[in-house]
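Participant: Got a structure for you, written out below as C-alpha cells; questions coming shortly.
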Amino acid sequence: ACVAEPPRIRRLDESVVNRIAAGEVIQRPVLAVKELVENSLDAGSTSISVVVKDGGLKLIQVSDNGHGIRSEDLPILCERHTTSKLSAYEDLQSIKSMGFRGEALASMTYVGHVTVTTITEGQLHGYRVSYRDGVMEHEPKPCAAVRGTQIMVENLFYNMIARRKTLQNANDDYAKIVDLISRFAIHNSSVSFSCRKHGVNRADVHTVATLSKLDAIKTIYGISVARDLMEITVSDDNPSRSIFEMNGFISNANYTAKKTTMVLFINDRLVECTSLKRAVEVVYSSTLPKASRPFIYMSIKLPSEHVDVNIHPTKREVSLLNQESLIETIQNAVESKLMTCNTTRTFQTQT
Ligand code: ADP
Ligand code: MG
C-alpha cells in the first residue's frame, strides 16, 4: 500500500503566533478590562474609571491617576514580553504586582486598536499614541493630560470573526464587567472606582475611596446585603502547617439568595477557587435551616512562596500549598461563625 507523504512542518509567521496567543489572554472583553484595571492598580492609582460601549466590543476605556508611563518607554510598551514589573524568573516568587508577563497590552493590540494617553509627574504635557500588532502607528504626539494613564481599546476582535459572533450579547458582557469592577471595588476600598456605559451619565458602579470594605459592599450590593453580613477572621499560625490569614464578610441566617456570591482575593489577586466555594456552600446548607446560598467576601494572605501565580495567562487561578488543610480551617471557622448566629438569630420587625 502506498502511504501518503508527511506534510512539511513550517514555522508560523510571528504575527500569526501573536494573534493566536492574544486570543488566549483576552478571551472576552471582561478579561481586557481586568488586565487594564490591574495595570492601573499596579501603577498606584487611587481613582479608576471604566467606560464601555457595546459590551466592550466597540470601546473599553480605563482612566487612572497612577504614576503614568515614561515617554521613552512608549515605543516598546505594546511589544510582547515587555514589562516594568519582573526581571528575573526568581522574582516571580515574591512578586507583589498583579502583572508580570508583559503580555496584556501587546495582546490587545493584536485583537483590537489600542490608544494610550499618559503623563508622568512633573511633565508639562502628556503623550498620546496608537498601536497595532505590537507597534506604534506613529510617533507619540504631545497632548494635554492631567494625571495618570488612559487606555482605550476599540473594535475588540475586529480580526476574529468567530469570536465576535459568539459575543453578540452586549448586555451579558457589560454585566460581567460591572461584576468585575464591583469585586475590585470591595477589596480595594481605598481606591475609588466607577464603571458606566458610554454616553450614559449615571455610573453602574460608583465607590468613593476610604470607605471601609463593609461600606463598599453596602454601596455596591445594597444595604439589604450589607445588613446581613458578619465579619470573619482566621489566622492559623501553627508553624507545622502553612501560615495564613483570612478576613472577610459572610452572610448570616437572615440572608437569602438563589446564587452564591463569592468574592475571593488571594494575596490581593482576584481569583476563583471552586473547591473553596463548594466547601463553604456545604457548610451553609448543613448549618442553616433555610437553605440559602451565601454571600462571601474573603481575602486570604499567604506567604508568597506558597502560591503559584503562573498557572494560566489569565491568572484566574492560583495553586496553593496545603490547599486541603487551608480549606478545612476556613470551613471550620465559617461553621462556628454560623453556629453563633444561629443561636442569636435576630428577626427583623416590620415597620
Ligand atoms: P504587565 O502588567 O505584565 O507588566 P502589561 O502588558 O499589562 O504587562 O503592561 C506593560 C507595562 O506597561 C507595565 O509593566 C507597566 O510598566 C506599563 N503600564 C501598563 N498600564 C499602565 C498604567 N495604567 N499605568 C502605568 N503604567 C502602565
Ligand atoms: Mg498588566
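Where a number appears in this text, it was derived from the coordinates with a stated rule and is not lab data. It should be emphasised that the depicted structure is a prediction, and the values quoted were computed from it without experimental measurement. Counting neighbours? That spans all protein chains shown, and the Cβs are built from the backbone with ideal geometry, glycine included.
Participant: Mean separation of Cα pairs under 8 Å and 6+ residues apart, divided by the residue count of the chain: what relative contact order is that in percent? It would help to have the intermediate numbers written out before the result.
Facilitator: Values: 651 pairs, mean separation 49.3, N = 351.
Relative contact order comes out at 14 percent.
Participant: Here's something else I'd like to know. Comparing K290, K176, K34, which has the greatest mean-square fluctuation in the GNM of the chain with Cα pairs linked when under 10 Å apart?
Facilitator: Comparing K290, K176, K34 in a Gaussian network model of the chain, the most mobile one is K290.
Participant: Can you list which of the GluC sites (Glu not before Pro) found in region 239-323 are DSSP loop residues with at most 15 other C-beta atoms within 10 Å?
Facilitator: Taking region 239-323 and a limit of 15 other Cβ atoms within 10 Å, the loop GluC sites (Glu not before Pro) found are E272.
Participant: What residue among G112, G44, G55 shows peak mean-square fluctuation when the chain is described by a Gaussian network model with Cα springs under 10 Å?
Facilitator: Taking springs between Cα atoms under 10 Å, the residue moving most is G44.
Participant: Considering the dipole of the chain built from charges on the beta carbon (Lys and Arg +1, Asp and Glu -1) around the Cα centre, which of M339, A43, S224 is farthest to its positive end?
Facilitator: S224
Participant: With charges set only on the Cβ (+1 for Lys and Arg, -1 for Asp and Glu), what does the dipole of the chain come to about its Cα centre, in debye to the nearest 20?
Facilitator: 1240
Participant: Scaled to the compact-protein estimate 2.2 N^0.38 Å, what is the alpha-carbon radius of gyration of the chain, rounded to two decimal places?
Facilitator: Against the empirical 2.2 N^0.38 Å value, I get 1.11 for the chain.
Participant: Further question on the same structure: Residue by residue through region 106-115, which ³J(HN,Hα) values in whole Hz follow from phi under the Karplus form 6.51 cos²θ - 1.76 cosθ + 1.60 (θ = phi - 60°), with glycine and proline marked x?
Facilitator: For region 106-115, the Karplus-derived couplings read 4, 4, 4, 6, 8, 10, x, 10, 10, 10 Hz, x marking Gly and Pro.
Participant: What nm distance separates the two modelled labels at S94 and R202, each placed 7 Å from Cα along Cα→Cβ?
Facilitator: 5.0
Participant: Another question, then. DSSP beta bridges in region 14-206, what fraction antiparallel, as a percent rounded to 5?
Facilitator: 85
Participant: Lys pairs in region 14-206, Cα-Cα under 29 Å, at least 8 apart or on separate chains: how many?
Facilitator: 24
Participant: Give me the tail of P(r) for region 81-186 as a percent: Cα-Cα pairs with distance above 20 Å.
Facilitator: Everything past 20 Å amounts to 59 percent.
Participant: Just add up the charged neighbours of S299: K/R +1, D/E -1, any other residue whose Cβ is under 11 Å from the Cβ of S299.
Facilitator: Working: positive: K213, R269, K301; negative: E245, D268.
Within the 11 Å Cβ shell, the charges total +1.
Participant: If neighbour count is taken as other Cβ atoms inside 10 Å, put C341, C2 in order from fewest to most.
Facilitator: C2, C341
Participant: List the relative contact order of region 14-206 as a percent without decimals, with contacts defined as Cα pairs under 8 Å and 6+ residues apart. Walk me through the numbers before you get to the answer.
Facilitator: On the way: 386 pairs, mean separation 51.8, N = 193.
Relative CO of region 14-206 lands at 27 percent.
Participant: What is the set of long-range amide H partners of I296 at a cut-off below 5 Å, with H atoms built 1.01 Å from backbone N?
Facilitator: Hits under the 5 Å cutoff: T261, M262, V263.
Participant: Grab the DSSP H runs of the chain that are 4 residues or longer, score each as -39,500 (n - 2.57), total them, divide by all residues and round the 222 nm result to the nearest 500 deg cm²/dmol.
Facilitator: Here the helix-only value at 222 nm equals -9500 deg cm²/dmol.
Participant: Let me ask something additional. By the gyration tensor of its Cα atoms, with a ≥ b ≥ c the square roots of the eigenvalues, what is the shape of region 14-206: rounded for a/c under 1.5, prolate for a/b over b/c, or oblate?
Facilitator: rounded
Participant: Taking amide hydrogens as modeled 1.01 Å from N in the peptide plane, which residues meet the under 5 Å criterion relative to D204, leaving out close sequence neighbours?
Facilitator: Result for D204 returns C195, R196, K197.
Participant: Can you list residues whose amide H is under 5 Å from I232's amide H, if they're 5+ apart or on another chain and H is modeled 1.01 Å from N?
Facilitator: Excluding prolines and chain starts, which carry no amide H, the hits are G248, F249, I250.
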